[in-house]
C-alpha cells in the first residue's frame, strides 16, 4: 500500500515483553495531570458546543423526525435516542482527543520526546493519555445526560450509574483513535478515520433506529462496533436495566480495550524510540 | 571509580546507513565531556542512546553503572536531558513546565514547588514564572530547558547543542549556568559545533566524523598534539606555488592545510616561520600569526568540505 511507503510511517514495531506493556499508575497519573491542567484552562470554551450538540440532535430528530416516528419498541422516539446521545458525545470527544489533540502534542509541540526522556515509558504515556481522553469524554457524556434529563427523557434512576460505563466505553473509543494516530504518517489521513469509521459507527450502532426490522447481517456488523455496546448500556440504564445485557456489553468493551492497548504502545515505541 | 558513561563498540544503524559505527569512550564522573563533529557525525544519535530515545544495535553502553538497554527507567530517573529542539509545553506557564516535569519524576508537590523556585532563580527567570512560553526569548527558553532538565536532581546531564542559535549574551548566560552545575559535581555531556564553547567548557572531548571517533583528549592537548601552538595563515598570490613553499619550510612546521588560496602552517613559533619565509619567491597578499585553536584541530580531522 502506498501509505506504507510514507516516511512518517513507522509501522507496528516489534513485539514487546508483557512487563513493558503494564503501565506504572503513578507515572500514567502524571501524564493525566498535565492534560487535566491544560483542560482546566480551556474548559469553558470547550464545553459549550457539548451543550448545543445534543440539543440540535433532539431538535432535528426527536422533535422533527419524531413527529413521524412516534414510538420505537414501545417508548417515545425522543426517549429512544436520548440515552444514545450520551454515548455518542463520549465517542466524538474520544475521537477528537486521541486524533488531533494527541497528534498535536506528539508532532507539533513534540512533548513526548521530553516525557519519554524522564522515567515515564511509552506504556505509561499511552495509559495516561487514554485515561485522560476517557475522563474528558465522560465529562461530555455527563453534560449530555444532564441536558436530556432536563428534557424529561430519562425515566429511570439507574441512569445515575452511567458515568463508569461511559468511562469504559470511552477507553475503547480512545484506544482505537490512539492506534490510528500512532500508525498514520500524515495528519490528512484522519479524514478516512472519521468518514469510514466514526461517522458510520455513529449512524449504524442502533442509536437512531433498532435492528429488529433489518437483516441479520446489520446486527452482526454493529456487534463489532464499540458504540453499539455503549448505546445498549446507556439506553438500558435510562429506561430500566437488564442486568446481563449490561454485563455482557461491558465485558465486550473491556476485553477489546485491553487487547487493542498493545497497538499504540508498540507503534509509539517504534516511532519515538527508534 | 566507575565511569558515568562507558561505551564499547557502540553501534547504531538506520536501514542501510550506519549512524554510529562501533565507538568506544568513557566519561569520568564530575567532568564536562564534549562530542564534536560536523552535522550527521552521529553525535545526537549517541546522546539518544544514552537517554533511552534510541535503541542500540550492537555493543555495550553503561550509564551510571547500569545497562542502557535493560534499565532504562532507572537510568532516566537519574538523568537530565536538554534536547536540541525546544520542546517546552506551550499550553503551560514557565513554572508549570517545571512542576509538570517534577510529576514525571514522582517528586512530591511541596518539594517540586521549592525546586522550581530555586531553578527559576538559577536560570535567571525568577520574575518570569507565571508567563506563557510564547513570550520568552530564545535564550530564556534554552535556560528554561536546562532548568527543566534539573528538576529531577540528576547526576548526569546530557545537552544536545545547548547554545545553537543563541546570541553571544544568551550564550554566555548558558555557559554560566553550565559552569555552576559542574561546580556542584554534576557530570555534563554535551554536543556542540562551536569550538570556542568546547574549549571553554569541556574537560575532555571526542571529535566524531561519519559515525566514528577520530580523536579524543583534553582540548589543550589536542591542539598541541595536532597543530602545535600557533598558526601562520597566508593568503597566497596567484603566482605562488604552495607545494614548493611548504617544502621550503620542511622541518620547521608541524603540518599544513590548503583551502582555495589560504595556506595554514602549523608551528610552535609561527612568527619565526614568517621571518624565514622568502617573500620574493613566495608572494603573499596577507599573513596572519595567531594562536592555534580547537577549530584548527577540528578542520584538520574532519576536512574542509561541506557536509550536508
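The values are calculated or read from the model by the stated rules, or taken from the named source; none is laboratory data. Because the structure is predicted, anything quoted here is derived from the model rather than measured. No Cβ is skipped: glycine too gets one built from the backbone with ideal geometry, and neighbour counts run over all protein chains shown.
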- Query: Does residue A:241 satisfy the condition of being surrounded by fewer than 18 Cβ atoms within 10 Å (Cβ to Cβ), in contact with a strand residue (DSSP E or B) (Cβ under 8 Å, 6 or more places away or on another chain), more than 14 Å from chain B (Cβ to nearest Cβ) and touching a residue at least 12 places away in the same chain (Cβ under 8 Å)?
  - Reply: no
- Note on the structure: Of (1) more than 20 Å from residue A:95 (Cα to Cα); (2) under 20 Å from the mean Cα position of the chain (by Cα); (3) surrounded by fewer than 17 Cβ atoms within 10 Å (Cβ to Cβ), residue A:246 satisfies every one except (3)
- Item | Subset of region B:79-105 (residues that are more than 18 Å from residue A:31 (Cα to Cα) and more than 9 Å from chain A (Cβ to nearest Cβ)) | B:82, B:84
- Query: In region A:249-265, how many residues are crowded, with 16+ Cβ neighbours inside 10 Å and touching a residue at least 40 places away in the same chain (Cβ under 8 Å)?
  - Reply: 10
- Single condition residue A:128 does not satisfy, out of (1) within 27 Å of residue A:164 (Cβ to Cβ); (2) within 14 Å of chain B (Cβ to nearest Cβ); (3) at pLDDT below 95: (3)
- Task: Filter region B:51-66 for residues that are part of a loop (DSSP other than H, G, I, E, B), within 13 Å of another protein chain (Cβ to nearest Cβ) and closer than 13 Å to residue B:158 by Cβ and give the result.
- Result: B:51, B:52, B:53, B:54
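A quick yes/no check of all residues on (1) farther than 19 Å from residue B:63 by Cα; (2) in contact with a helix residue (DSSP H, G or I) (Cβ under 9 Å, 6 or more places away or on another chain); (3) at pLDDT 90 or above:
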| position | (1), (2), (3) |
| --- | --- |
| B:160 | no, yes, yes |
| B:184 | yes, no, yes |
| B:189 | no, yes, yes |
| B:208 | yes, yes, yes |
- Task: Being in contact with a helix residue (DSSP H, G or I) (Cβ under 9 Å, 6 or more places away or on another chain) and touching a residue at least 60 places away in the same chain (Cβ under 8 Å) is the filter here, so list the residues in region B:63-77 that pass it.
- Result: B:63, B:64
- On the given criteria, is residue B:2 in a strand (DSSP E or B), surrounded by fewer than 22 Cβ atoms within 10 Å (Cβ to Cβ) and either more than 11 Å from chain A (Cβ to nearest Cβ) or touching a strand residue (DSSP E or B) at 6+ places or on another chain (Cβ under 7 Å) (or both)? no
- Among residues belonging to region A:44-54 that are surrounded by fewer than 16 Cβ atoms within 10 Å (Cβ to Cβ) and in contact (Cβ under 8 Å) with a residue 12 or more places away in the chain, point out the one that is farthest from residue A:138 (Cα to Cα). A:51
- Considering B:48, B:12, which residue is under 21 Å from the mean Cα position of the chain (by Cα), part of a strand (DSSP E or B) and within 11 Å of chain A (Cβ to nearest Cβ)? B:12
- Which residues, taken from region B:83-95, are within 19 Å of residue B:111 (Cα to Cα) and touching a helix residue (DSSP H, G or I) at 6+ places or on another chain (Cβ under 7 Å)? B:94, B:95
- Query: For region B:72-92, what are the residues that are outside any loop (DSSP other than H, G, I, E, B), buried (at least 17 other Cβ atoms within 10 Å of the Cβ) and touching a strand residue (DSSP E or B) at 6+ places or on another chain (Cβ under 8 Å)?
  - Reply: B:75, B:79, B:80, B:81, B:82
- Item | Meets criteria (surrounded by fewer than 24 Cβ atoms within 10 Å (Cβ to Cβ), farther than 26 Å from residue A:179 by Cα and within 20 Å of the chain's Cα centre (by Cα)) for residue A:96 | no
- Item | For residue B:69: the one exception among (1) within 14 Å of chain A (Cβ to nearest Cβ); (2) closer than 26 Å to residue B:165 by Cα; (3) surrounded by fewer than 18 Cβ atoms within 10 Å (Cβ to Cβ) | (2)
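Looking at this structure, is residue A:27 crowded, with 19+ Cβ neighbours inside 10 Å, out of contact with any strand residue (DSSP E or B) (no Cβ under 6 Å at 6 or more places or on another chain), under 28 Å from residue A:126 (Cβ atoms) and within 14 Å of chain B (Cβ to nearest Cβ)?
Considered against the rule, which asks whether it is crowded, with 19+ Cβ neighbours inside 10 Å, out of contact with any strand residue (DSSP E or B) (no Cβ under 6 Å at 6 or more places or on another chain), under 28 Å from residue A:126 (Cβ atoms) and within 14 Å of chain B (Cβ to nearest Cβ), residue A:27 comes out as yes.
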- Query: Out of (1) outside any helix (DSSP H, G or I); (2) surrounded by 14 or more Cβ atoms within 10 Å (Cβ to Cβ), the odd one out for residue B:297 is which?
  - Reply: (1)
- Kindly indicate whether any position in region A:62-72 is crowded, with 16+ Cβ neighbours inside 10 Å, in contact with a helix residue (DSSP H, G or I) (Cβ under 8 Å, 6 or more places away or on another chain) and closer than 29 Å to residue A:257 by Cα. no
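Determine, yes or no, whether residue B:102 is at negative phi, touching a residue at least 40 places away in the same chain (Cβ under 8 Å) and surrounded by 19 or more Cβ atoms within 10 Å (Cβ to Cβ).
It is true that residue B:102 is at negative phi, touching a residue at least 40 places away in the same chain (Cβ under 8 Å) and surrounded by 19 or more Cβ atoms within 10 Å (Cβ to Cβ).
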